[in-house]
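Let me begin by presenting the structure, written as structure tokens, before commenting on it.
The values are calculated or read from the model by the stated rules, or taken from the named source; none is laboratory data. These numbers were taken from a predicted model, which means no experiment stands behind them. Cβ placement follows ideal geometry from the backbone for every residue including glycine, while neighbour counts extend to all protein chains displayed. Quick note on the areas: whole protein, heavy atoms, side chains included, nothing else; ligands and nucleic acids left out. Shrake-Rupley method; radii C 1.70, N 1.55, O 1.52, S 1.80 Å.
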Amino acid sequence: MAEPPVARTAALGILLVLVGFVLFIGGLIVAVAHAAAALSGLLTAIGGAARAIPRVLIAIGAIGVGTILFRKGAALRHDARRMSLPDGWTLLQQDTRPPVLYLRSFLDDEIVTQRSAPSTQGGALGDVMGAAVGLALGRAAGAHRTQEEDLVKALADLGPCIAVGDPSETLPDLGASRIYLNDEWQLHVAGLMTRSQLIVFRMGSQSPGFWWEVDRVRQTVSAERVAFWIPPQAESGEDPERVYERFAAKLTALLPCELPAWRFGAHMLRFGPEWRRAYLTPSLGEASDKAWPKDTRRRDLIIQWSVLGAIVIFAAVQMYRGTLSPTDLIKNSVLGDVGSSGSSRSARSAAFLAAAAKDANASLPKQIDSETMLVNLASAESTLIYNYRLVNSTVDEIEGQALLTFRQDITKAACANPETRQLLEQGVSLRYAYMNNADKPIGSVDVYRFSCH
């Protein structure tokens, strides 16, 4: 069967990644928005539980489908990159510099560096959102560079980096270009050692073939051309110090010198002439200063704050729409004081608002001016409702510029009044409902805490 074209595989992978990411983030925003509405007592503002539950279920479905598509797309992109890699023999023909030979156990291929969790830098909500994105999307194939890719990137300035390929793999792993050998692999490896400017061993899993390579290097290659790479902590959890100590215990028996004790930050074990001295360095030494994989905390923070920024933009749009259209705000608003104190939550409670309306109704109805009568007060979930009658009005609806001016005047008055402003600051929404002289509703204005800012 012919291999699928690399370009087609890569394009399909990118498409699935984009679609999956949009579905995942969109579903996450909707789910978080509805959770915020429920916690802040504004569930009725988005249509109540009957409408919210189907939306949340759809959002959860979008998160699931988005995760699947993202992971599938990432796997396709990963395979496309692997298919596009030149084999080691071709690379040696294209780049005539002496190569860098990377030797390791096949068991260490595809190991990914453990990513830092910036728990103290992103804030609690940032950590939650970052963890959600990382858990769902961060484990996808190719989502992170492998440790080998990081190393090869550091070695790129020296010369072509090659490695013996695992004969059981269908596609080469990303990193050093693979050379596939037959049963006489030891003869070929010995030849590559002779022509290589640098031989880098990975400290990690150990096999008889690996230790044959170490012993062969000790016998035939000058010590200055050899380095043992101590990889950063992997997702498997084993830290570099433990890897070094376990590896050094066996390596010491093969060398005429003592190996140094572990030093924090060490990344390479190098040797002096004739293997008489061993020392640890944080890099490849004079040859390169790029051996350390880059710190990914900044990238992780960007991912977290990008998600949070999307949620903030979504909420800001709802607020902006609310200042122009109360009806849209009532249906879609999801903002509230999630972290309110107990006193503000009690002010928003149905019992508190019902009692407040009852006390006020004892002295109502009341003529406010020649045009307006306050008929009574009512309450709903987190909302205090003022019912007014325009005693001289026969219009069926307030609309157009009159409605905008009407809304601005009412909002300004509610925010300026100390009593209503106090209610707003405690998270209570105020609704000013108007009827004509025939008691037919002609319009309403909703005022929220953020309306006063």
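Details
- Listed values for the range 407-419 are Karplus-derived 3J(HN,Hα) couplings in whole Hz (6.51 cos²θ - 1.76 cosθ + 1.60, θ = phi - 60°), namely 5, 5, 5, 5, 4, 4, 5, 5, 6, 7, 6, x, 5, and x replaces Gly and Pro.
- Summary of the geometry: the range 144-167 and the range 61-81, compared by the centres of their Cα atoms, lie 25 Å apart.
- Local electrostatic count, residue 10, Cβ distance below 12 Å [Lys/Arg +1, Asp/Glu -1]: +3
- Shape class for the range 204-271, computed from the alpha carbon gyration tensor (a ≥ b ≥ c): prolate, with a/c not under 1.5 and a/b above b/c.
- Between amide H atoms placed 1.01 Å from N, distances below 5 Å from residue 376 occur with 387, all of them 5 or more places distant or on a separate chain.
- Coupling constants for the range 256-261 follow from the phi torsions by the Karplus curve (6.51 cos²θ - 1.76 cosθ + 1.60, θ = phi - 60°), and in residue order they are x, 10, 7, 8, x, 5 Hz; glycine and proline get x.
- Residue separation of residue 391 and residue 15 scaled by 0.36 nm, minus their Cα-Cα distance, works out to 129.2 nm of gained length.
- Contour minus Cα-Cα distance for residue 412 and residue 195 (0.36 nm per residue): 69.9 nm
- Local net charge near residue 378, Cβ-Cβ under 11 Å (Lys/Arg +1, Asp/Glu -1): +2
- The amide H of residue 179, built 1.01 Å from its N in the peptide plane, has 88, 163, 164, 165 as neighbours under 5 Å, considering only residues 5 or more places off or on other chains.
- Cα gyration tensor, the range 355-396 - rounded (a/c under 1.5), prolate or oblate: oblate
- Shape category assigned to the range 70-110 from the gyration tensor of Cα positions, a/c cut at 1.5: oblate
- In the context of the full protein assembly, residue 91 retains an accessible surface of approximately 30 Å², using a probe radius of 1.4 Å and ignoring ligands and nucleic acids.
- With a cut-off of 9 Å between beta carbons, the residues surrounding residue 197 carry a summed charge of +3, where Lys and Arg count +1 and Asp and Glu -1.
- Along the range 197-213 the Karplus relation, 6.51 cos²θ - 1.76 cosθ + 1.60 evaluated at θ = phi - 60°, assigns HN-Hα couplings of 7, 8, 10, 10, 9, 9, 6, x, 5, 10, 9, x, x, 4, 6, 5, 5 Hz to successive residues, with x for each Gly and Pro.
- Residues with amide H under 5 Å from that of residue 393, placed H, sequence gap 5 or more: 437
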